[in-house]
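Inspection log for the structure reproduced underneath, given as structure tokens.
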Amino acid sequence: MLEKILDSNDTVFKYNKKANIFSLIDADYLIKSKMENRNLFLFLSYRTKDIYFCRSFFPEEKTDYTKNQASWTLLYKKKINLMDGKETILYNKM
């Protein structure tokens, strides 16, 4: 499911942990995705040039972590296969 979420065109948020004062999640970005009739949250952090890692990943229960978060507009998205270097454009509105 994780690859489907990353490949989807769901909403990406610049995550501000101060907007969720009761959460201990320290992340840079949040993706909210609907899979199998459930909302899922994927929290990502930025490490270095083009390297991101997963901070947390779980289904929505009582808290909608996207409230009061700044949403981003997706303009371009590509997927790179690290094994062979093949690039696939997933979304292009530029």
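The values are calculated or read from the model by the stated rules, or taken from the named source; none is laboratory data. Everything numeric in this text was worked out from a predicted model, so none of it was measured. Positions of Cβ are generated from backbone atoms using ideal geometry, with glycine treated the same way; all protein chains shown enter the neighbour counts. Heavy atoms of the whole protein, side chains included, go into the accessibility calculation; ligands, DNA and RNA do not. Shrake-Rupley method; radii C 1.70, N 1.55, O 1.52, S 1.80 Å.
For region 85-94, the set of residues classified as more than 25 Å from residue 39 (Cβ to Cβ), open to solvent by less than 100 Å² (accessible area, probe 1.4 Å) and either in a loop (DSSP other than H, G, I, E, B) or hydroxyl-bearing (Ser, Thr, Tyr) (or both) consists of 85, 88, listed by residue number.
Quick grid of which residues meet (1) in contact with a Phe, Trp or Tyr (Cβ under 6 Å, 6 or more places away or on another chain); (2) of a type in the set (Val, Ile, Thr); (3) loosely packed, with under 10 Cβ neighbours inside 10 Å:
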{"position": "42", "(1), (2), (3)": "yes, no, no"}
{"position": "49", "(1), (2), (3)": "no, no, yes"}
{"position": "52", "(1), (2), (3)": "yes, no, no"}
{"position": "59", "(1), (2), (3)": "no, no, no"}
{"position": "67", "(1), (2), (3)": "no, no, yes"}
{"position": "72", "(1), (2), (3)": "no, no, no"}
{"position": "76", "(1), (2), (3)": "no, no, no"}
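Specify the residue that is most open to solvent (accessible area, probe 1.4 Å); the eligible residues are those in region 1-34 that are assigned to a helix (DSSP H, G or I) and farther than 15 Å from residue 67 by Cβ. The residue in question is 4. When you look at residue 58, is it in contact with a Cys (Cβ under 8 Å, 6 or more places away or on another chain) and at pLDDT 90 or above, yes or no? Criteria not met by residue 58. Per the conditions (1) within 17 Å of the chain's Cα centre (by Cα); (2) in a strand (DSSP E or B), the sole criterion not satisfied by residue 64 is (2).
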